[in-house]
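Here is the structure we will look at, set down as structure tokens.
The values are calculated or read from the model by the stated rules, or taken from the named source; none is laboratory data. The shown structure was predicted, so the numbers you read here are calculated from the model rather than taken from an experiment. Because the Cβ atoms are built from the backbone with ideal geometry, glycine has one as well, and the counts that use them run over all protein chains shown.
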Amino acid sequence: MAIQTEPKGILIIQLRRIGDVLMCTPVIRALRQKYPQSHLAFLTEEESKSILENNPNLNEIIVWNKNKYPNWFYALKKIKEIREKKFDLVVDLLGTPRTALASFLSGSKKRIGFAYRFRKIFYNLRVVPDQQEKYGALYKLDSLKPIGIESRDCKLDMVIDSKAKSFAQKFFTENDLSGSDFKITISPTARRRFNFWFLDRYAQVADGLKEKYSAKVILVWGPGEREIVEKIASLMKFKPIISAETTTLLELAAILEKCDLHVGNDNGTKHIATAVGVPTVTIYGPHSPVSWTYPDSSRHKFVKKNCPCVNNERKKHSCTKVVCLNSISVEDVQQVLASIIPNLPKLKNKEVEKTKYSAVD
């Protein structure tokens, strides 16, 4: 059922983390193409706000402070703020009980959400979840089918401003990194232990990249993670480059964008690399590579072993042996790297999943 008149205001809801929010940017773009005059707002958490700040398809970012939830006074105040904006359409891309309830309480007459058990009662434009496993951004694009949008364009958008680009250039200059250097970033960190491959193995992979390909290896990190990359550096035969501390996701994106390849865990950094057009190699624990890897196997590869806890929320949290990661050897990763590195000059020029936007500073 297509909407007959262009909505004056549309609210998109996606809380949680970096990868989740980046996966929503194709939805934002598709809505803007369909409704060029609508006011598009996005409800998310503070952590992911900077991902969207320069997005030219958005008019407004509304921040939900997770540290104040479940403070019901704050929640009611935020719902009141949303109701006062009088959105004509709400698109809930997360579909948790609280976002489903927020959709219902928004006051919008048209509310899109996935037809999950119980939660579906809060929506009046329901989407039956596709049982076929596919890239997360494509799954989110399915939410637009009730309003007649059938887009399959799943490119991720992240626009880097000049301040972040200057930060990255300063770091590259200070470390004598030039455009002709073969630069590989490694992100060895993760929020959860079942996504955390072993530091000694990362050290061996990094040494191999230096020995075999003369690569400039850059260890990237975020707040509270410097000790991790310093540990890897101490285990290496060669001296890597430890990135400057990035205080924003845009600064991290600016560093990644200037490199030729990103290697790392299943974390937010790899999604940022994808968004800025950099090929990736990802080491997966229990999560599905199909759901979290951009569907271009020439540019985005992964290392994955089967294990009992794959896609099983209960098992992956209770697992103590981390079989899925423990079974991935240095040689496994090196083999995948050897399959992508010879093609990198061609792949880097093929920036197929990077939408061209310029940030307005």
| task | Determine, yes or no, whether Ala190 is in a loop (DSSP other than H, G, I, E, B), touching a residue at least 60 places away in the same chain (Cβ under 8 Å) and not β-branched (Val, Ile, Thr). | result | yes
| said: Show me the helices (runs of 4 or more DSSP H) entirely contained within region 194-294 in which 1 or more residues are within 26 Å of Gln132 (Cα to Cα). | reply: 268-275, 289-292
| remark: Going through region 1-16 in order, the residues found to be over 13 Å from Trp64 (Cβ atoms) and either touching a strand residue (DSSP E or B) at 6+ places or on another chain (Cβ under 6 Å) or surrounded by 15 or more Cβ atoms within 10 Å (Cβ to Cβ) (or both) are Ile3, Pro7, Gly9, Ile10
| task | Give the residue that is surrounded by the most Cβ atoms within 10 Å (Cβ to Cβ), with candidates limited to residues of region 63-89 that are under 20 Å from the mean Cα position of the chain (by Cα) and free of Cβ contacts under 8 Å to residues at least 40 places away in the same chain. | result | Val63
| query | Can Leu89 be described as within 30 Å of Gly222 (Cα to Cα) and hydrophobic (A, V, I, L, M, F, W, C)? | reply | no
| remark: Going through (1) closer than 26 Å to Glu53 by Cβ; (2) at pLDDT 95 or above; (3) surrounded by 21 or more Cβ atoms within 10 Å (Cβ to Cβ) one by one, Trp221 fails only at (2)
| request: Give region 21-40 a look and list any residue that's within 19 Å of the chain's Cα centre (by Cα) and either at pLDDT below 95 or of a type in the set (A, V, I, L, M) (or both), or say none. | output: Val21, Leu22, Met23, Val27, Ile28, Ala30
| query | Which residues, counting only those in region 195-208, are within 15 Å of Val303 (Cβ to Cβ) and either of a type outside the set (A, V, I, L, M) or more than 25 Å from the chain's Cα centre (by Cα) (or both)? | reply | Asn195, Phe196, Trp197, Phe198, Arg201, Tyr202, Gln204, Gly208
| message | Residues that are outside any helix (DSSP H, G or I), surrounded by fewer than 17 Cβ atoms within 10 Å (Cβ to Cβ) and of a type in the set (D, E, K, R): does region 134-143 have at least one? | response | yes
| query | Are any of the residues in region 113-126 on the phi < 0 side of the Ramachandran plot, buried (at least 19 other Cβ atoms within 10 Å of the Cβ) and in a helix (DSSP H, G or I)? | reply | yes
| Unmet requirement for Ile147, which otherwise passes all of (1) at pLDDT below 95; (2) more than 30 Å from Pro240 (Cα to Cα) | (1)
| task | Determine whether Ala233 is surrounded by fewer than 19 Cβ atoms within 10 Å (Cβ to Cβ), out of contact with any Asp or Glu (no Cβ under 9 Å at 6 or more places or on another chain) and of a type outside the set (Asp, Glu). | result | yes
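Results for (1) β-branched (Val, Ile, Thr); (2) at pLDDT 95 or above, shown as yes or no for each residue.
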position	(1), (2)
Leu156	no, yes
Ile160	yes, yes
Lys170	no, yes
Phe182	no, yes
Arg191	no, no
Glu230	no, yes
Lys237	no, yes
| remark: Subset of region 172-206, residues surrounded by fewer than 22 Cβ atoms within 10 Å (Cβ to Cβ), within 14 Å of Gly264 (Cα to Cα) and aliphatic (A, V, I, L, M), comes to Ala190, Leu199
| task | Test Gly268 against the criterion of being in contact with a helix residue (DSSP H, G or I) (Cβ under 7 Å, 6 or more places away or on another chain) and crowded, with 24+ Cβ neighbours inside 10 Å, and give yes or no. | result | yes
| query | Within region 193-250, which residues are of a type in the set (A, V, I, L, M) and out of contact with any strand residue (DSSP E or B) (no Cβ under 8 Å at 6 or more places or on another chain)? | reply | Leu199, Ala203, Ile228, Leu235, Met236, Ala244, Leu249, Leu250
| query | How many residues are charged (D, E, K, R) and buried (at least 18 other Cβ atoms within 10 Å of the Cβ) when one looks only at region 284-300? | reply | 1
